[in-house]
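Below you'll find the structure, written out as structure tokens, and then a few comments.
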Amino acid sequence: MTAAPADAARARATPAPPPAEGRLLREAVRRGRGPAALVLAATALGAAAAVTLPLALGRAVDLLIARADAGSWVLLCTALIATEVATDALVARTGGRTGAATTAWLRRRALAGFLAAPPAATTGTGLPTRLTANALDAGTAPVAAATAAAAGLAPLGGLAGLFLVDPWAGAAFVCGVPLLLLILRALLRAGRAALTTYQEEQGRMARLLTGALSGAATIAAAGTVRAEERRVLAPLAGMRAAGERTWRVQGRAAGLSGALMPLLVAAVLAVGGVRLVAGHLTPGDLLALSRYAVLAAGAGALAGAVNGWVRAKAGTARVETVTALPPTPHGTRDLPPHGDGTLALHGVHVTRDGVPLLDSVTLTLPGGTTTALVGPSGSGKSLLAAVAGRLTDPDQGTVLLDGTDLRTLSADALRHAVAYAFERPALFGATIAHAVACGPLPEPDLRRALRRAAADTFTDRLPHGPRTPLPEAPLSGGELQRLGLARAFTRPTRLLILDDATSSLDTVTAHLVARALTDTPGTRLTITHRLTTAAQSDQVVWLDRGRIRGTGPHSVLWRDPAYRAVFGAGAGGDAGAGADTVTDTGARRRSDVRTDVSNDVRTELPADMRTDLHTGIRTDPRVDTGTGAAE
């Protein structure tokens, strides 16, 4: 059964263009528009109370000086002060809750975008920094927008109050407003550029530190701690320069506004004093002028509100680079119900940065068989395994599972049909059982998977067996690999791919796992450097520099010295014949492993691959065999 051309064409359709810049910021603000509206209303109410309070105070003072009844005005002042306190508390509480909710939403969006994208598209994204510091800044966007919008209400009300009490005092204050606007404009421009640079350098350092931590044992063994410190801290100079530039901009703005505001307040009080002496103002009016001058001088607080909005925009832009990653497109088809797991690759070609990593790979893995994928480091084995299970798509060519193009399968159908086990599996969940099951799994099925992976021998010795919390279960490299294998064994699949997933196992355990693999339904593709694993496989695919150099039974390929060199064996080795085999330690031993494979094992090679008449090995003439036989 083959994929319908229409389905394949839809699956290969050009992905939609990335969302416009700033879309995530608008979505975040729109998502928090309810709480943001509450913040805006509370801020406006607090500003109204603050603007009304000087008039009430002035009227109360004048009545008290005249020894008249000022009780109602004192009560009004008390109510206005209580309103300011209540609205400030409401803004703080709502802002905190909204920021936390928006940050969580942004982190989920970023993580979903990261996981949905092809692995090649996620390289160098600096996800940890974007999910932590950048998402935290971006989460303040709804409240920052409301705060910035309302930040000018109190200063504008104070300025209006100045003109209401005495126009001359208001005119004295207005003289300094243009200078204040210039200060805010400079902060908005220079502050955003410096902050963006700082966040980029911060993300670069986080990537370097993550890499160093993952290789801490290697660094310690090599004695290169100081060199790694210098490498990881290299972005610190850029961070320092950007940070200093940010603080200089903010400090200059704060300093100028801090110096300007007291001068304007002094000018207002001077004008008010002259007007009081001339009899144009009362003592209550002068008190009101002093309060309004302080409110109008609060225009300097606009710098803080603007800076909060700048940080939110910069953080959202950083998170958006992850959420905007193009997702892997999936179709809607399912696999035929009774397929045997036959995998076919036709003309697969993968290029990265202009370098071909897989070149014209055509290969068939017959259903129900085990295929060993061997080759030197850098030959493209892991990439071919990723293409086989659609962790990444080829630039050219097709991959068919039971005759169905993987690109036309739905995401659920694909992941139920293909299982992976990796060299360094990552475990997620509270306990070992959770990490292996990856969802609901009956206890008998969990036990069976652990037993097939030879993992029950150590999990049963843990304090709580498979229910032991992961932090309380120190695992060796081999034990970690066995849990990764157990996870792959938890459900029946059409295709099981082992990416060097047994490299840390001892010989006995590897033999037990190999026996379990033989009983596993479906097709098995295993990347290996073990001679015994290749010998036990139904067929071997020999990959070199992204091309298939040979394919066939291990016993036949073993006649080629270049193939033997893949396993570090000498030119005169005879392991492939089933007599002497070379162990992983380089020693020679007698093997009872049957390496001859029935002649009806199906293989499929490009038309230009030839058969060497002396050895019977089918090889690709475009790849230098190192034996003088290449064309």
How much of the accessible area of region 39-147, in percent, comes from carbon and sulfur atoms when a 1.4 Å probe is used? 70
What dipole magnitude, in Debye to the nearest 20, does region 273-387 give about its Cα centre under +1 on Lys/Arg Cβ and -1 on Asp/Glu Cβ? 580
To the nearest 10 Å², what's LEU57's accessible area with a 1.4 Å probe? 50
Accessible area of HIS330 in the full protein assembly, 1.4 Å probe (Å², nearest 10): 80
Which net charge results when you count Lys and Arg as +1 and Asp and Glu as -1 among the other residues whose beta-carbon is under 12 Å from that of THR526? -1
Just the accessible area per residue of region 447-526, please: how many Å² with a 1.4 Å probe? 43
With θ set to phi - 60° and the Karplus curve 6.51 cos²θ - 1.76 cosθ + 1.60, what are the ³J(HN,Hα) couplings of region 430-442 in order, to the nearest whole Hz, using x for Gly and Pro? 6, 10, 4, 4, 5, 5, 7, 6, 6, x, x, 8, x
Order by accessible surface, 1.4 Å probe, largest leading, for residues GLU200, GLU479 comes to GLU200, GLU479
Kirkwood Rh and Cα Rg combined as Rg/Rh, region 343-468: 1.05
Mean shadow of region 506-550, computed from the convex hull of its alpha carbons, in nm²? 3.7
Using alpha carbon centroids, what distance separates region 524-557 and region 101-178, in Å? 58
18 Å tail of the calculated P(r), region 425-554, as % of Cα pairs: 54
Work out the charge dipole of region 287-353 with +1 on the Cβ of Lys and Arg and -1 on the Cβ of Asp and Glu about the Cα centre, then indicate which of ALA314, THR332, LEU345 is farthest towards its positive end. ALA314
Convert each backbone phi in region 453-466 into a coupling constant with the Karplus relation 6.51 cos²θ - 1.76 cosθ + 1.60 (shift: θ = phi - 60°), then list the ³J(HN,Hα) values in order as whole Hz, x for Gly and Pro. 8, 6, 9, 5, 5, 10, 5, 5, 8, 6, x, 10, x, x
Reduced Cα scattering model of region 36-105, Debye log10 I(q)/I(0), q = 0.19, 0.22 Å⁻¹: -0.74, -0.86
Can you figure out the FRET efficiency of ALA171 with ARG240, using R₀ = 51 Å and their beta-carbon distance, to the nearest 0.05? 0.65
Reported to the nearest 10 Å², ARG515 has, with a 1.4 Å probe, an accessible area equal to 140
So, for region 313-384, what is the accessible surface per residue at a probe of 1.4 Å, expressed in square angstrom? 38
Percent accessible area from carbon and sulfur atoms, region 439-501, protein chains only, probe 1.4 Å: 55
Calculate what fraction, in whole %, of the accessible area of region 351-422 sits on carbon and sulfur atoms when a 1.4 Å probe is rolled over the protein chains. 55
What do you reckon, how do SER410, SER72 stack up by accessible area (1.4 Å probe), largest on top? SER72, SER410
Average accessible area per residue (Å²) across region 28-160 - probe 1.4 Å, nucleic acids and ligands excluded: 48
Around ALA220, what is the net charge, scoring Lys/Arg as +1 and Asp/Glu as -1 over all other residues with Cβ under 13 Å from its Cβ? -1
Assigned charges on the beta-carbon of Lys, Arg, Asp, Glu; region 93-178 dipole about Cα centre (debye): 520
By accessible area with a 1.4 Å probe, ligands and nucleic acids excluded, highest first: order of ARG467, ARG275, ARG549: ARG467, ARG275, ARG549
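The values are calculated or read from the model by the stated rules, or taken from the named source; none is laboratory data. Worth saying up front: this structure is predicted, and the values here are computed from it rather than measured. Glycine also receives a Cβ, built like all others from the backbone with ideal geometry; neighbour counts cover every protein chain displayed. Side chains included, ligands, DNA and RNA excluded: accessible areas come from the protein's heavy atoms. Shrake-Rupley method; radii C 1.70, N 1.55, O 1.52, S 1.80 Å.
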